[in-house]
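The values are calculated or read from the model by the stated rules, or taken from the named source; none is laboratory data. The structure displayed is predicted, hence computed values, not measured ones. Methodologically, a virtual Cβ is constructed for each residue, glycine included, from the backbone with ideal geometry; neighbour enumeration extends over all protein chains shown. The accessibility values were calculated without ligands, DNA or RNA, using every heavy atom of the protein model including side chains. Shrake-Rupley method; radii C 1.70, N 1.55, O 1.52, S 1.80 Å.
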Amino acid sequence: MSLLTSDFPEGFLWGTSTSAFQVEGAAAEDGRAPSIWDSFCRLKGRVDNGDTGDVACDHYHRYAEDVALMRDIGVGAYRFSISWPRVLPRGRGVVNEAGLDFYDRLIDRLLETGIEPWACLYHWDLPQALQDRGGWANRDSAGWYADYAVLCARRFGDRVTRWATFNEFSVFTLFGYALGWGAPSVSDRGEHLKVIHHTNLAHGAGVDVLRALVPGASIGAVHSFQPCRPAGPAPENVEAAALFDELWNLCFPDAQILGRYPPRVAHAIEPYVQAGDMARICRPMDWFGMNHYAPLFAQAEPGAVWGCGFGAPPEGMPRTDIGWPLQPSAFHEALMHAAARYRLPIYVTENGYGTKAPESPDAQGIVMDRERLDYLQACIGELGRALKDGADVRGYFVWSLLDNFEWGGGYGTRFGIVHVDFETQVRTPKESAKWYSALIGGALGQGS
């Protein structure tokens, strides 16, 4: 079987994704104030090698070069996030015009180049000033977010019609408030439940703002969606996987699209839900954004905040060198599950392959990343199979355009289809970028 552009529907959208904190750098330039991730990076031992987002890929200064890379690859869309602390340094109140100007320049350059801008309002970088007021655990955070959304919608809504409210609610809430692995490094069940509910309220408020202020807006939210399986057949692991599935996959899209929390979370979150809240959360949506990488395996952990945690994949299942299971068929499973459960058009807003391998250019300037190329080829093949099986999938965004700051992995973990030398900031398209370009351009067979 060949993998060709013609296998995908007319108008199928091919894109790539990044996020502000991971690529922009310029952390203290032109009025930007710290985010919770700037603070987290300063905590000893929390990020590999003590890395920070201070410079990252210097996209703030090199955005034009990066847009040219996207043009050369042939993508039709770029999903980026807006840095809340860059445009509202205190999180509220006084606007930072220099920060808004940066996104004006980026959006205008994308449009001039024929690339559609897809703006995500929140990709994990809450202003530290708002964290000092309680952050997402403060119910007022939904109002803070709505005001921020108003600012962005009024400034950019004349040119941007594709909007995502949040990226991966489950990941930043679990890692930040239950597992303690990410900013703001809290491990408390009650705080986690508050944050789940308040970010859902913020999402609903953001949808209403965008609907009111952006003519023709196409609005979605981005969810990490991975099949969740028990790490072994013990009954306690089966129950752990069911609970983890609700926390990871269901508690956000179920509330936002179906108007209810899944049963285990619903019981726990009930004390934080006020009259009318579910109607505020469940607002009309245009598409479902799916980020997918690998299946998850859960096990019982009696000492953990939720009594469950990550378990090991089955013995013999291939893994990447960062330990993630390699099972592209799980992508087909996730697409079919989301299509049946939520009945919205799906855009795959992230899919990619991370490695700790250096992947440096060779003497001829070639960056051979065969494992990533093979993974992308397999996953896009599974996407094609889901289309044939009836899933309404309308676009695919590879993660990521650039090697970047990979949160707790710092710069030692690389997901980019473009290599970045972090000493010189020189960009070199990898073989996966060339393959992706050939696929988009219709010049590729599966054996290529």
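Take every Cα-Cα distance within the range 1-126, group them into 10 Å bins from 0 onward, and report for each bin the whole-number percent of pairs it holds.
Calculated over all Cα pairs of the range 1-126, the distribution is 12, 39, 29, 14, 5, 0 percent.
Based on the Kirkwood radius over alpha-carbon pairs, what value in µm²/s does the Stokes-Einstein equation return for the translational diffusion coefficient of the range 49-106 at 20 °C and 1.002 mPa s? Before the final figure, lay out the partial values.
Working: Rh = 13.2 Å.
The estimated diffusion coefficient comes to 162 µm²/s.
By what distance, in whole Å, do the Cα atoms of the range 232-309 stretch along each of the three principal axes, largest value first?
Largest first, the range 232-309 extends 39, 31, 17 Å along its Cα principal axes.
Note down the nm distance, to one decimal, between modelled labels 7 Å out along Cα→Cβ at Asp54 and at Gln364.
3.9
What number of lysine-lysine pairs in the chain show an alpha-carbon separation below 29 angstrom, given a sequence spacing of 8 or more or placement on distinct chains? Don't skip to the answer; put the middle values down first.
Details: Lys44/Lys194; Lys44/Lys356; Lys356/Lys430; Lys356/Lys434; Lys388/Lys434.
The number of close lysine pairs in the chain is 5.
Can you tell me the alpha carbon radius of gyration of the chain divided by the globular rule-of-thumb value 2.2 N^0.38 Å? If you can, show how the numbers build up before the last one.
Working: Rg = 20.5 Å, N = 448, 2.2 N^0.38 = 22.4 Å.
Taking N as the residue count of the chain, the ratio is 0.92.
I'd like the GluC sites (Glu not before Pro) in the range 362-448 restricted to DSSP loop residues with at most 16 other Cβ atoms within 10 Å, sorted by number.
Details: sites: Glu371, Glu382, Glu406, Glu423, Glu431; in loops: Glu406, Glu423.
Those that pass, being in a loop and sparsely packed, are Glu423.
Give, in nm to one decimal, the length gained when the segment between Asp392 and Arg159 is fully stretched (0.36 nm per residue of separation minus the Cα-Cα distance). Write out the running numbers ahead of the final one.
Numbers: separation 233, 0.36 × 233 = 83.88 nm, distance 2.63 nm.
Length gained between Asp392 and Arg159: 81.3 nm.
Could you give the distance between the Cα centres of the range 346-377 and the range 393-424, to the whole Å?
9
Which residue, Arg105, Arg414, Arg71, tops the fluctuation ranking in a GNM of the chain built on C-alpha contacts under 10 Å?
Arg105
If you roll a 1.4 Å probe over the range 64-158 with all protein chains in place, what percent of the accessible area is carbon or sulfur?
Details: 1430 of 3200 Å².
It is 45 percent, rounded to a whole number.
Calculate, for the chain, the solvent-accessible area per residue in square angstrom, rolling a 1.4 angstrom probe over the heavy atoms of the protein chains.
Details: 16140 Å² over 448 residues.
About 36 Å² of surface per residue is accessible.
Out of all DSSP beta bridges in the chain, what portion is antiparallel? Express it as a percent rounded to 5. Before the final figure, lay out each step's value.
Values: 9 of 45 bridges.
So the antiparallel bridges in the chain amount to around 20 percent.
Skipping prolines and chain starts, which residues have an amide H placed within reach, meaning under 5 Å, of the one on Arg162, given they are 5 or more residues away or on another chain?
Under 5 Å from the amide H of Arg162: Ala119, Ser218.
What are the extents of the Cα atoms of the range 105-250 along their three principal axes, listed from largest to smallest and rounded to whole Å?
Principal-axis extents of the range 105-250 (Cα, largest first): 56, 35, 23 Å.
In nm, give the distance between the simple-model label positions of Thr424 and Glu270, each being 7 Å from the Cα along the Cα-to-Cβ direction.
About 6.3 nm separates the two model spin labels.
Once you treat every alpha carbon in the range 64-186 as an equal point and sum by Debye, what is log10 I(q)/I(0) at q = 0.18, 0.22 Å⁻¹?
Values, matching the q order: -0.98, -1.25.
Relative to the present Cα-Cα distance, how much length would full extension add between Glu315 and Asp108 at 0.36 nm per residue of separation? Before the final figure, lay out the partial values.
Details: separation 207, 0.36 × 207 = 74.52 nm, distance 4.99 nm.
That pair, Glu315 and Asp108, stretches by 69.5 nm at full extension.
Where is the GNM fluctuation largest for the chain (alpha-carbon springs, 10 angstrom cutoff): Arg109, Arg341, Arg394?
Top of the fluctuation ranking is Arg341.
Once R0 is set to 22 Å, what does the formula 1/(1 + (r/R0)^6) return for the Cβ-Cβ distance between Val238 and Trp181, expressed as a FRET efficiency to the nearest 0.05?
Details: r = 24 Å, r/R0 = 1.11.
Calculated transfer efficiency: 0.35.
Can you give the direction-averaged projected area of the convex hull of the alpha-carbon atoms in the range 1-75, in nm²?
8.2
Kirkwood Rh over alpha-carbon pairs of the range 171-232, then Stokes-Einstein at 25 °C and 0.890 mPa s: what D in µm² s⁻¹, rounded to an integer? Intermediate results must be reported in sequence, preceding the final value.
Details: Rh = 13.7 Å.
In µm²/s, the coefficient is 179.
Strictly greater than 18 Å: what percent of every Cα pair in the range 208-266 meets that? Please report the intermediate quantities before stating the final value.
On the way: 852 of 1711 pairs.
For the range 208-266, the share of Cα pairs beyond 18 Å comes to 50 percent.
Give me the percent relative contact order of the chain, please, defined on Cα pairs under 8 angstrom at least 6 residues apart.
19
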